[in-house]
Structures are given as C-alpha cells and as structure tokens.
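One structure below.
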Amino acid sequence: MDPSVYWNPILETMPREKLQALQLKKFKRIFTWAYDNSPFYRRLYRDAGIEPGDIKTFADIRKVPKIEKSMMREIQGPGKNNYPYGDILCVPKTDVCSYRQTSGTTGQPVYQADSWQDWEWGIEAYSHALWAQTYRNTDRMLLPFGYNIFVAFWAAHYAAEKLGVEVVPGGVLNTEARILKMQELEANAMAATVSYVLNMGRVAREKMGIDPAKDLNIQKITVAGEPGGSIPATRQRMEELWGAKVYDQCGSTEIGHWGWECHHQAGLHVNEAFFLFEIEDLETGEIITEPGKKGRLVATALDRTAQPCIRFDAKDIIQWNAEPCACGRSFWRLDGGIIGRADDITKVKGVLWAPSAVEEVVRGFAQLSDEYQIILSKKGDADQIELKVELMPGYENNEADVRHALLAKLRLQTNLNYLLDFKTYGDLPRFEGKGKRFQDLRHN
Amino acid sequence: MKPEFDLNAMVQKIQTLKQNAAELKAVAGGIVAVDRNINRISASIRVMELDICDAADILLAGD
Ligand SMILES: [Zn+2]
C-alpha cells in the first residue's frame with residue numbers, strides 16, 4: 001500500500017489490538033482530566049461511585065455514566081457558572097478562543113467552547129478526512145456555507161488550508177453567485193450538506209442554464225450533515241448531477257469530526273485513534289461489538305480538553321462493518337453511514353421505520369425530484385404516513401404509473417402503505433443547510 | 001511498501017521542540033508577540049504528540 005494515501009500511517013494502519021490499547025490509555029487520561037477539572041463531570045462520576053483509578057478495562061468504561069444534550073441545557077445558560085458554557089468547562093475562560101453552538105432545533109442550543117489546542121485537534125481530525133478523499137495542494141475548493149455560529153464546514157476550511165488546498169470562502173454569496181464564482185475560478189472541489197449539493201445543482205441547471213456536470217469543473221464533493229451521503233440513490237443523484245465523486249463525512253458540534261469515507265467510497269471509516277465509539281443495542285442497551293446489528297452511537301472525543309465529550313449519547317443509529325477496506329486502514333467502517341437519528345426511528349403500525357428508507361426509494365425514481373416531505377399522523381387509532389413528492393418536469397402525465405410503482409417499491413422496502421400527494425415541481429421546500437423533511441404529528 | 005520512519009527519533013525530536021518552545025517563552029520576558037506565537041506552536045506540537053508520541057508509547061511497549 002502506498003503510504004502517501006494516509007494522512008498519518010502510524011495511526012491509520014495500527015494493528016487493531018494496539019489501537020484498542022491506545023483508546024484505553026486515552027480514555028483513562030481524558031476521564032482523569034475531566035474528573036480533576038470539571039465540576040460537572042466530577043459530580044456525575046462521584047454520584048455514580050466511579051473515580052479515575054477505577055478505569056482499567058473496556059468493561060469499566062461501560063460503567064461510566066453517559067451524557068446527553070439535555071444535561072448540557074441544565075448547566076449552561078444565564079446565571080450558571082462559566083456562562084455560557086457551564087461548569088463542564090475544564091480550562092480558564094481566558095483559554096477559550098472559539099464559540100460554536102448547536103442549532104437548538106430540539107430546545108435550547110448547546111454552547112461549545114474550544115481552546116486553540118482543541119481547535120487544532122479538530123482540524124487535524126478533519127485533515128484525515130480530506131486527505132483520504134484525495135484532497136491535495138493542487139485543488140481549489142469552494143466552501144458554499146454561511147460562516148457563522150454553527151460549526152458546519154469551518155473545520156473543513158481550516159483543514160483544507162492545512163493540506164495546502166486553495167480555499168475559496170463562499171460565505172455571504174447567494175446560490176447563483178456561488179455557482180458563478182465556482183465557474184469563474186474553475187474550482188474543482190466543494191463541501192456542503194447533501195440537500196444543498198442537490199439544490200445548487202438544480203439552480204445551476206434550471207435557473208442559470210449551467211450544467212454542473214459539463215460546464216463546471218467540480219470533481220469531488222464532501223457532504224455532511226444528513227444521512228444522504230451514504231444513501232446509494234441520493235449519492236448517485238449528486239454524482240450524476242455534478243459529474244463528481246461524492247464522499248460522505250460526519251461529525252457534530254459536541255463530539256468533533258469523527259467519520260469519513262476514503263477514496264474507495266465504501267462506507268464511513270471511524271477515526272478510532274481520536275475517538276472511542278460504542279454502539280448500544282436499541283432495546284437492551286447492551287454494547288454491540290459484532291457487525292451488522294443496528295444500535296445507537298455513544299461517542300467519546302479522546303483528546304478534546306476544554307469542553308470534554310465523554311460517553312455522549314449521540315442519538316445516531318449506526319452499525320459496524322468489520323471487513324477490511326481496500327485502502328488498508330485499520331479503522332472500522334459503518335455500514336450505510338449514519339442510518340438515522342434515534343429520534344426519527346420510530347414504530348409505525350408496529351414496524352420499525354426510518355425516514356432514510358423512504359429517501360432511498362424516492363430518489364431511486366428518475367421521474368421524481370430530489371425533494372420529498374413525510375408526515376406521520378393518526379387517523380383514528382391507526383398510524384398514517386403521508387408522502388409528498390414532485391414529478392420532474394416532462395413527467396407530469398406519468399403520475400398514475402409513478403404512483404403505482406412508487407407504492408409497490410415502498411411497500412417492498414418498508415412493509416408499509418403510504419398516502420401519496422403529488423405536488424407541482426418546485427412546490428416543496430428547498431434547503432441551503434440540513435433539510436427538514438420529516439414530521440411526526442402523532443403525539444401532538 | 002512501508003514509509004520509512006524512526007519512531008523513537010520522532011518522539012525525541014517532538015519532545016525537544018516542546019522543550020525549546022517552553023524555553024523560548026521563558027526567556028522572552030513576556031513579549032506578547034513571542035508568548036502568543038509560542039501558544040500556537042505549542043498547540044501544533046501537542047497535536048504531534050497525539051499523532052506520534054501516544055502511538056509510540058503503545059507500539060514500542062514490549063519491543
Ligand atoms: Zn477505506
């Protein structure tokens with residue numbers, strides 16, 4: 001294997017038993033650090049009767065209490081220590097150089113502090129991703145996102161610079177201006193959410209008469225923020241629209257940038273040198289170590305020190321793939337990337353159901369647009385799934401055929417019936433950031 | 001093909017860099033330009049400790 005394919009061959013090709021020894025060593029270190037420096041973590045661990053000397057094995061790690069967003073909301077905000085971060089903070093406030101926050105769609109946002117040390121660490125984590133996805137100093141990358149309070153593609157920007165990629169910040173431009181800038185500068189790479197990659201491509205084609213696959217020079221795209229990067233039908237749409245390779249990447253404000261596809265596009269690798277990943281069974285909570293079984297991610301950032309993230313219930317549903325990747329990395333992969341959010345995976349008519357299964361079906365139909373909306377509701381005592389889709393221009397007379405085929409495919413894939421609503425092309429919302437396509441109204 | 005590197009030597013050089021950075025800060029008499037640049041350099045050195053030294057501790061143990 002050519003060593004130049006790795007950002008850091010020492011970590012990326014470490015034998016698995018050594019990698020696990022490294023994780024255990026680092027877990028003990030971050031646990032001790034948090035216990036000694038964060039009143040929040042010390043309280044949590046004392047209440048559970050665990051102190052640093054108690055962590056000797058992975059089984060001991062599983063006794064460490066998990067944290068989740070709701071706990072951050074209790075300790076953060078006005079009137080609390082170390083405003084706005086709360087007493088999770090492990091460094092003096094004078095060491096904090098960077099503020100980010102979550103979007104707060106499910107309540108008060110979580111505030112995230114980074115020291116310069118942690119910022120450098122986060123950039124290093126993202127550098128693994130971009131290098132594995134063939135970004136080099138010959139590339140010119142345009143980043144079409146709102147540079148603001150959300151972490152989004154900030155680390156992509158700094159990591160690309162670190163690799164020597166020429167970075168064009170596409171901040172306050174609108175979609176058309178970004179596309180024109182891309183064309184003017186012959187940018188060959190970009191990173192954006194899945195929804196925006198699709199949306200930009202359609203705007204270029206339909207409003208500007210620019211065919212991204214032919215008239216633009218984009219050859220590789222890194223996507224994040226939504227499951228679509230690992231949904232085959234969605235990836236195929238993006239690749240055909242742009243004539244580019246699409247690579248999935250994932251991370252979060254609290255954890256950091258923890259997963260990415262290598263150039264083989266064969267599932268998300270997880271960076272097991274910088275993070276510890278545990279998968280919990282959805283029903284029993286037992287740790288899943290074998291491949292092919294879905295569970296929820298519990299993640300630890302092993303080196304993030306200002307605002308540590310230790311055993312965070314990420315609410316992402318994932319499953320292991322332990323097969324060796326052709327790239328030669330030791331890091332395990334995830335089958336199907338992030339399959340969904342624990343909050344979105346729900347029982348419908350007694351069947352376990354995820355919106356991503358519907359996306360895979362809808363985007364497999366060339367007669368349908370990229371957009372869809374799903375509304376779960378109750379009709380009497382029965383669950384009802386309403387699916388709104390749009391026919392692509394030119395297919396307006398094919399509604400009956402598409403309806404028949406779509407219902408059959410959905411039934412086959414999800415074992416459920418759907419109430420279909422065909423909208424006029426352009427009626428459903430388009431997104432610049434993460435798409436919002438699913439509502440569960442059953443408990444309202 | 002394995003890349004050619006000397007893990008022991010890398011660890012030593014990283015530790016030397018770290019020490020040099022601390023020593024430079026100590027003799028700079030609090031000049032802010034030195035102090036803050038050393039802080040930045042130290043963060044990069046720390047990343048190399050995470051990249052190289054932590055792994056070396058594991059890989060070289062028992063060799
Ligand atoms: Zn790979």
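The values are calculated or read from the model by the stated rules, or taken from the named source; none is laboratory data. The shown structure was predicted, so the numbers you read here are calculated from the model rather than taken from an experiment. Don't worry about glycine lacking a Cβ; one is built from the backbone with ideal geometry, like all the others, and counts go over all protein chains shown. Note: areas computed on protein heavy atoms with side chains; ligands, DNA, RNA excluded. Shrake-Rupley method; radii C 1.70, N 1.55, O 1.52, S 1.80 Å.
Key figures for this structure:
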| read-out | value |
| --- | --- |
| Count of region A:305-333 residues which are within 14 Å of chain B (Cβ to nearest Cβ) and away from the ligand (no atom under 16 Å from the Cβ) | 2 |
| Test: residue in region B:35-55 that is assigned to a helix (DSSP H, G or I), more than 21 Å from A:Asp118 (Cα to Cα) and open to solvent by less than 80 Å² (accessible area, probe 1.4 Å) | no |
| Pair list, Cβ < 7 Å and 6+ apart or interchain, from region A:109-123 residues that are under 21 Å from B:Ile52 (Cβ atoms) and facing another protein chain (nearest Cβ under 8 Å) to residues that are open to solvent by less than 10 Å² (accessible area, probe 1.4 Å) and among the β-branched types (Val, Ile, Thr) | A:Glu120/B:Val47; A:Trp121/B:Val47 |
| Strands (runs of 3 or more DSSP E) lying entirely in region A:349-404 (those with 2 or more residues that are touching a residue at least 60 places away in the same chain (Cβ under 8 Å)) | A:351-353, A:368-379 |
| Selection within region A:248-300 - of a type in the set (Lys, Arg) and assigned to a loop (DSSP other than H, G, I, E, B) | A:Lys293, A:Lys294 |
| Count - residues of region A:301-323 that are assigned to a loop (DSSP other than H, G, I, E, B), at pLDDT 95 or above and touching a Phe, Trp or Tyr at 6+ places or on another chain (Cβ under 8 Å) | 7 |
| A:Asp343 vs. criteria away from chain B (no Cβ under 14 Å), open to solvent by 10 Å² or more (accessible area, probe 1.4 Å), within 16 Å of the ligand (Cβ to nearest atom) and under 23 Å from A:Gly285 (Cβ atoms) | no |
| Only one of A:Val246, A:Val194, A:Val270 that is in contact (Cβ under 8 Å) with a residue 40 or more places away in the chain, touching a helix residue (DSSP H, G or I) at 6+ places or on another chain (Cβ under 7 Å) and within 16 Å of the ligand (Cβ to nearest atom) | A:Val246 |
| All helices (runs of 4 or more DSSP H) inside region A:1-99 with 2 or more residues being open to solvent by 60 Å² or more (accessible area, probe 1.4 Å) | A:16-37, A:39-47 |
| Checklist (1) within 16 Å of the ligand (Cβ to nearest atom); (2) surrounded by fewer than 18 Cβ atoms within 10 Å (Cβ to Cβ) applied to A:Ser377, failing item | (1) |
| Flag for A:Lys18 being of a type in the set (Lys, Arg) and more than 11 Å from chain B (Cβ to nearest Cβ) | no |
| Residue among A:Tyr418, A:Tyr395 that alone is touching a helix residue (DSSP H, G or I) at 6+ places or on another chain (Cβ under 9 Å) and either surrounded by 20 or more Cβ atoms within 10 Å (Cβ to Cβ) or more than 23 Å from A:Arg237 (Cα to Cα) (or both) | A:Tyr418 |
| Pick from region A:75-132, criterion of a type in the set (A, V, I, L, M, F, W, C) and touching a His at 6+ places or on another chain (Cβ under 8 Å), ranking: farthest from A:Tyr247 (Cα to Cα) | A:Ala125 |
| Residue, nearest to the ligand (Cβ to nearest atom), within region A:102-134, restricted to residues that are assigned to a loop (DSSP other than H, G, I, E, B) and touching a Ser or Thr at 6+ places or on another chain (Cβ under 8 Å) | A:Gln133 |
| Selected residue (only one of A:Gly243, A:Gly256 is assigned by TED's automatic domain parsing to the domain that holds A:Gly328 and open to solvent by less than 10 Å² (accessible area, probe 1.4 Å)) | A:Gly256 |
